[in-house]
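For reference, the structure is listed below as structure tokens.
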Amino acid sequence: MAPSRRKPAPSARRAAPRIARKVARTSAPKPLIAVDIGNSETTVGRFLGPELETLWRLSTNRATADELKLVLEGLLKTSASGWGAAMCTVVPAMTRQWTEALRATTGRAPLSISAATAPVLVRVPDPASVGADRLANAHAARRLYGAPAIVVDLGTATNFDCVAPDGAYVGGAIAPGMVTASEDLFRRAARLARVDLRRPKHAIGKTTEECLRVGVLWGNAGLVDAIVRRLRAELGGRPKVIATGGLAHVLAPECETVDLVDEGLTLKGMRLLWEETT
């Protein structure tokens, strides 16, 4: 498992989208490890109080609890005994291993976030079917940026999570993720080679590579904008649109509807839920 260490984006004012500001550190910080287990990536965050100090993105691979404990120790480079721990997962096959690894690392069982444990008002027919990461996104959006809000989580799938004016999670939409869709295209079309996803210079591509960049990057930006506009019209009010996830820094700057980027939003929601339930 090769970790990719990422520092949270620094505070800055930009035209659109802007980078989220860090939350001020409290006088008595509480350390926490937050783990968001996704289909392709697992994100590990280290908090000191409300501040997300560091986050790492790992490949979600099959691993034993002992292997995951060694990974955590290598990332943290310090004893985490007595720290808090929270996790959410959309990969049930890895739940037990991560639970055991976090318990062995911190000395206590982690908070496993779900509709049953999260104090989030959920107005959908089957609340138990809502992914833990979507609950964390909705909670963080409401607490940090206010309601109504729309979270665009750009990962393996592109998830849209809607927070109503009263703060309730009311559903959203799911679309194929940018890399997921493009990988399927490359696999099915023998003459199309993979390209790096840098910003195209022109909408009219002159080479196959340029055409692919336009279609993949700006095509997915258009998908985001089209769905957000429809969600915004149904939600009412003036919802803040927050982009998060591993591809947010690539795709969000190309979107017209995204107000700000907060790559650590899911982890921040997990921290808030941990504080409120432990």
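The values are calculated or read from the model by the stated rules, or taken from the named source; none is laboratory data. Just so we're clear, the structure is a prediction, and the values are computed from it rather than from any experiment. When we count neighbours, we look across all protein chains shown, and the Cβ atoms used for this are built from the backbone with ideal geometry, even at glycine.
Would you check if THR26 is surrounded by fewer than 20 Cβ atoms within 10 Å (Cβ to Cβ), out of contact with any Leu (no Cβ under 8 Å at 6 or more places or on another chain), under 19 Å from THR277 (Cβ atoms) and at pLDDT below 90? Steps first, please.
On the way: surrounded by fewer than 20 Cβ atoms within 10 Å (Cβ to Cβ): yes; out of contact with any Leu (no Cβ under 8 Å at 6 or more places or on another chain): yes; under 19 Å from THR277 (Cβ atoms): yes; at pLDDT below 90: yes.
When the stated conditions are applied, THR26 passes them.
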| note | Of all strands (runs of 3 or more DSSP E) fully inside segment 119-205, the set with 1 or more residues that are charged (D, E, K, R) and at pLDDT 95 or above is 149-154, 157-163
| task | List every residue pair whose Cβ atoms lie under 6 Å apart, where the two residues are 6 or more positions apart in sequence or sit on different chains, the first residue falls within segment 227-241 and is assigned by TED's automatic domain parsing to the domain that holds THR257 and under 9 Å from PRO148 (Cα atoms), and the second residue, located anywhere, is assigned to a helix (DSSP H, G or I) and among the basic types (Lys, Arg). | result | PRO239/ARG232
| task | Taking only segment 236-251 into account, find how many residues are modelled with pLDDT under 95 and either among the aliphatic types (A, V, I, L, M) or crowded, with 20+ Cβ neighbours inside 10 Å (or both). | result | 6
| said: For ILE33, only one of the following conditions fails: (1) in contact with a strand residue (DSSP E or B) (Cβ under 9 Å, 6 or more places away or on another chain); (2) closer than 18 Å to THR266 by Cα; (3) at pLDDT below 95. What is its number? | reply: (3)
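Per-residue answers, yes or no, for (1) over 19 Å from GLU276 (Cβ atoms); (2) surrounded by 24 or more Cβ atoms within 10 Å (Cβ to Cβ):
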residue	(1), (2)
SER129	yes, no
ASN137	no, yes
ALA149	no, yes
LEU154	yes, yes
VAL163	no, yes
VAL170	yes, no
VAL179	yes, no
| remark: For segment 252-278 the number of residues that are assigned to a helix (DSSP H, G or I), surrounded by fewer than 24 Cβ atoms within 10 Å (Cβ to Cβ) and of a type in the set (S, T, N, Q) is 1
